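Below is one structure; the comments refer to it alone.
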Amino acid sequence: MATPKGQPAQLVKLIFGEHPTVEVDEDILADLKRKLRSMGVSKIAIVSVMGAFRTGKSFLLDLMLRFLRYESKCIADGVDPMQVTPPERGSGEEYPLPAWITAAGNNIEGAGEEVDGFRFKGGMDACTEGIWVWSEPFLRVLNGEKVALLLMDTQGAWDGQMTKEQSATVFGLTAVLSSKEIYNISMQIQEDKVENLTYFMQFAQTAIQKASANIPAECVQMEDINRPFQTLDFLVRDWKHFKKDMTVGQCREQMVEHCARHTDPSRVRENSTCKVLQSMFHKIGCFCLPHPGFAIEDDTWTGAVSDISPDFIRMVDVYIRDVFQTNLDAKKILGSELTPLTFDLVVKDFINAFKDAAPVATTFTQAITNSTVLLAKEQAMKSYTSKMDKVSESNPRGLEENKFSARQTEVVKEVEEDYKRVTIFGANDVRQETWSQIQDSLETLSKRYMEDNSRRLEKALAIFANITIVGVSLFVHDRISDWTCDWWSKTCAELSKLMLMAYAAIFCYVGIHVYFLFNERGKIAAAAAAAELWKEMARLLGVYSELFHAVKWADVPDLVKKVATGKIDDVVAAKEKKKN
């Protein structure tokens, strides 16, 4: 199975002018939602790269694309994507290029004019405007669950064209939507970089805390409010301080030290900004990459892998594996996981909160409220359908209407109890209104389950159609043998006795179920179920007649097996598909 290549898609546009605004591309958003839902996953992870103008964000994302495409292809082909462990850094041995670097060709995609990657180029022109996503999500397995992964690229902040507020808009949107935010900076972590990062984050945290004031204490996890964002990585580019004889482990120790020096409140003299930053993210890390080589800075660079520094490739290989194999989580909004069903609505709400190209507390708070309401509704619907599906599975012949109604009422109460523990931002009337809307949706769903239960009741005996056909066939053959051969052939007489024992056992078996049904549900229900049994027998006889006229002798054993296991409808469906 080939992995879809995809292309960069501009999800959010930041429009400049007298009245700057933010717009979402509805078509791209709808296409993303369709693809996410078709993947059959219930969770989404979003990795984004943000940073200052011309710091190589798109180049990094193109390398990530290479890794993800290679790994996806290996998994689809049943091949282990892990390569042989390369020689340790500092050993003096030549470092072999990782397979994911070379498998897609000798040139990095985004360096050209084609759209095989996030487009980048050397020189001074900025290529990325607004917020872009890769049009094809990648399938990942996190903690044993399948998760859809989206890659996000953002316009260079503080590029001279945008105000600080507009840069905060881009940064804010990216951070709110990401499960891992990679803050791409040059040379080293500096105080102004930390301050710029904290500018929007502090605003967001304050808005969330203000919005949570009316939430009952039992309905919210304070950790989710006080620490609303997930993972932040400082990715320091063009790091000059790795010595040639240092191992990767020693390089990591240097990274941890550099991060602590600038973000650990106990080690920073003016530490108010560090305290705010540490209070908002669940995880903060740092990784440093050496310079990739001066050839890539040339605006004529074609993307040749051979021009990239081997030490850069070694360290970027380590970092990309860290990002996607060991330190990736599904996206959560205040404790509730983002899903394909609510993805587009949540994205729209947050983009609307920045529609004037600057963060506004009231609209941001409303976006938080809307997203928590959407996620609470979806969680309630999923909980209800999961519980009712279990009820249906445990009662394949259906339940009496009064028993089914009682069980359905119990399930609604269980869902309501779960709902009371879900975080919803806003006053009590928001919570009450949301539950009223959920009740309306549950009522619609309950009607479908009631109808399904009624059909199960009617077809309580239909599952015995195949065995009843066998019994009737044996009975008919026994009667025929009585008149034709039993009176002169001992073999025929013995076979007749066997048939008698078989169809008598079958009729007794079916009769017992009819008797139980009569006792449980009464005469009318038993008569209706018996009528459905005869209808199903008539349908199956027609199906068998067509199949056995068209079947080849070689296919008979397989056909008999499917008939015996109740998969005859699969055979019919396959036949119809072949015709079409």
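The values are calculated or read from the model by the stated rules, or taken from the named source; none is laboratory data. Keep in mind that this is a model prediction, so the values were computed, not measured. Cβ atoms come from the backbone with ideal geometry, glycine included; neighbour counts cover every protein chain shown.
A few points about this structure:
- Test for residue 336: is it crowded, with 19+ Cβ neighbours inside 10 Å, polar (S, T, N, Q) and closer than 30 Å to residue 143 by Cβ: yes
- Within segment 37-53, the set of residues being touching a strand residue (DSSP E or B) at 6+ places or on another chain (Cβ under 9 Å) and surrounded by fewer than 20 Cβ atoms within 10 Å (Cβ to Cβ) comprises 39, 40, 42, 52, 53.
- Residue 474 being farther than 21 Å from residue 401 by Cβ, at pLDDT 85 or above, part of a helix (DSSP H, G or I) and in contact with a helix residue (DSSP H, G or I) (Cβ under 6 Å, 6 or more places away or on another chain): yes
- Scanning segment 311-337 for residues that are among the small types (Gly, Ala, Ser) and either closer than 18 Å to residue 187 by Cα or not in a loop (DSSP other than H, G, I, E, B) (or both) yields a count of 1.
- Only residues that are surrounded by fewer than 13 Cβ atoms within 10 Å (Cβ to Cβ) and either touching a helix residue (DSSP H, G or I) at 6+ places or on another chain (Cβ under 6 Å) or in a strand (DSSP E or B) (or both) were counted in segment 235-256, giving 0.
- The residues in segment 284-310 that are in a helix (DSSP H, G or I) and crowded, with 20+ Cβ neighbours inside 10 Å can be counted, and the count is 1.
- Taken as a whole, the structure places residue 40 among residues that are modelled with pLDDT of 85 or more, assigned by TED's automatic domain parsing to the domain that holds residue 300 and not hydrophobic (A, V, I, L, M, F, W, C).
- Any hit, segment 415-425, residues being among the aromatic types (Phe, Trp, Tyr) and modelled with pLDDT under 80: yes
- Inter-residue pairs, beta-carbon under 6 Å, first more than 16 Å from residue 178 (Cα to Cα) and assigned by TED's automatic domain parsing to the domain that holds residue 31 and in segment 138-167, second modelled with pLDDT of 65 or more and not aliphatic (A, V, I, L, M), 6+ apart: 157/167; 157/171; 158/167
- Set 494, 532, 520: member being of a type in the set (Asp, Glu) and at pLDDT 85 or above: 494
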